[in-house]
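Report on one structure; see the data block that follows.
The values are calculated or read from the model by the stated rules, or taken from the named source; none is laboratory data. Computed from a predicted model, the values in this text were never measured in an experiment. SASA here: full protein model, heavy atoms, side chains in, ligands and nucleic acids out. Shrake-Rupley method; radii C 1.70, N 1.55, O 1.52, S 1.80 Å.
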Amino acid sequence: ILIVTLRVALPNVIRFCCCVAVIYLGYCFCGWIVLGPYHVKFRSLSMVSECLFSLINGDDMFVTFAEMQQNSYLVWLFSQIYLYTFISLFIYMVLSLFIALITGSYETIKHQCEGEAPVSQLHAYIAQCKDSPKSGKYRRDSASSCSVFCCCER
């Protein structure tokens, strides 16, 4: 059931990771450009990425906050807002949504294994129709449906 769950969750997880990667790269570039001259961990793009990834995992949080030089009040204020929003966004929201995607797929697989497959609204609507395609109820009058792109005379 684990493999089936991961296979079902994979398309949603890949789409979600692509969207999160854009946000993560935005934070990387912003930290590199704005905080690079003021903090050792933000001097290069690879160091910024390592620092932000370690913050997501909970490593070096105190050191990252404590090493911010207070040369300028605006830079210090920006760094605090930058780090707090990044930590809040990625630890509380992104990781929770990632877990929710996999959990939702697991619940779907679990319900399919327990009973009959859930019927979508489209399948329920199609099941209501009892007419066959050859019954003629689906055809239009040939005189009124003529256009430039179809052949009127066969």
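Computed from the alpha carbon atoms alone, the convex hull of region 34-81 holds 67 Å³ per residue. Counting every alpha-carbon pair across region 1-97, the share separated by more than 23 Å comes to 31%.
All C-alpha to C-alpha distances of region 40-117, sorted into 5 Å bins beginning at zero, yield P(r) values of 3, 13, 17, 19, 12, 8, 7, 6, 6, 4, 3, 2, 1, 0 percent in whole numbers.
Sequence-ordered 3J(HN,Hα) estimates for region 19-27 from the Karplus curve with 6.51, -1.76 and 1.60 and θ = phi - 60° stand at 5, 5, 4, 5, 5, 4, 5, x, 5 Hz, glycine and proline given as x. The residues of region 1-43 expose on average 64 square angstrom of accessible surface per residue, using a 1.4 Å probe on protein heavy atoms.
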